[in-house]
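Taking it in order: structure first as structure tokens, then the write-up.
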Amino acid sequence: MSTSPKVIAWADSDQLQVLKDASACGAIELIGIGAPDANEAIELSDALGIPRLDDLRAALISPDHDIAWIAAHDALDADTRSAIRTASRPVATSTMPSDSILDVLEEGDLPAHVAPTMREVDGYLAANGALEQLGHVECVHVTMICRAGQSSLLARLYDAMDMVHHLVGIPDEIFAVHAGPHPLQTDTVASTSGHFSVAMRYSNRASATIMVSDRGGDWDRQVLVLGEHGKLMIDDRDSEWIHTDGTWAPRGTLSADAPLGVGGLVAEQLARIVEGTPQPDPPGTGNHVLRLCETARLSCLTGEAERIRAL
């Protein structure tokens, strides 16, 4: 009998490959699949060969799984967030709130774990020792790119902001630009797509920049950290530290196995959540990261640099 955590998922049909990769990596056992669209639920159930879920709220209350994974685009609305708060098991999400980030902030915090986040992958975990020796962090650049069906633009922005917040905290000021064929909407974040470029200024003479896109062709996450004692480069599997004199420290790698696509990264994190491996973040961390995301979105709309307190 499998000892892998039993997972139920709620997804869209264009996420089939992500679901297949998650199931194939061996870290989890996918035991049920549903979708906002009934026909897509049937399609996914048939393709994966697992039972179909017809009602998300009922599925979340059921005790027959170890963790639920909500991946469907724009599925994290107020009703779903309410259902998550009554769930019998942990819930993870690969999507962001689809109504208003301000509404979520008023509710207190995101009610679900976010997956996959860069802070929980092997490459970043292997870099922890180097980060401790890098000294004062002076500059951070985060790049996160995906395509439709792998993730959403706002999910990648949250992931990138989470990394920046973890490394250098809350900035004094954020200036952001959105690009792409569809302009941002003022009153909703649903279906946000395109590219974000974000620059952040800190009072301690540090800086951070972000570039995220959901129209980049394939999955790619990279973090560059510049500090007193050199340069640290991190991706999903590895980290490299180059000292200021040009010498290279030994490569940091926790696992020799290549990730099996985006789904494999999600599955690994879901298993860690069930095991209780990630250390809980301080209360309000998700709230702070959402505020950074919303401030960046506000800057895109106003064309001006914005301060966090403007929210």
What ranking do 160-170, 43-53 get when scored by the average of other Cβ atoms within 10 Å per residue, highest first? 160-170, 43-53
What is the pair-distance distribution P(r) of the stretch 6-114, computed from all Cα-Cα distances in 10 Å bins starting at 0, with each bin given as a whole percent? 15, 50, 29, 5, 0
Dipole magnitude of the chain about its Cα centre, charges +1 at Lys/Arg Cβ and -1 at Asp/Glu Cβ only, in debye to the nearest 20? 480
As an exercise, take the mean of 1/r over every pair of distinct alpha carbons in the stretch 69-157, invert it, and state the Kirkwood radius in angstroms. 15.1
Just round it to a whole percent: the fraction of Cα-Cα distances in the chain exceeding 30 Å. 32
Within 10 Å, count the other beta carbons around each residue, average over each peptide in 118-126, 216-224, 74-82, and list them highest first. 118-126, 74-82, 216-224
Compare the peptides 275-285, 94-104, 185-195 by average per-residue count of other Cβ atoms within 10 angstrom and give them in order, highest first. 94-104, 185-195, 275-285
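Coordinate-derived values only; no laboratory data. These numbers were taken from a predicted model, which means no experiment stands behind them. As a convention, Cβ positions derive from the backbone with ideal geometry for all residues, glycine included, and neighbour counts pool all protein chains shown.
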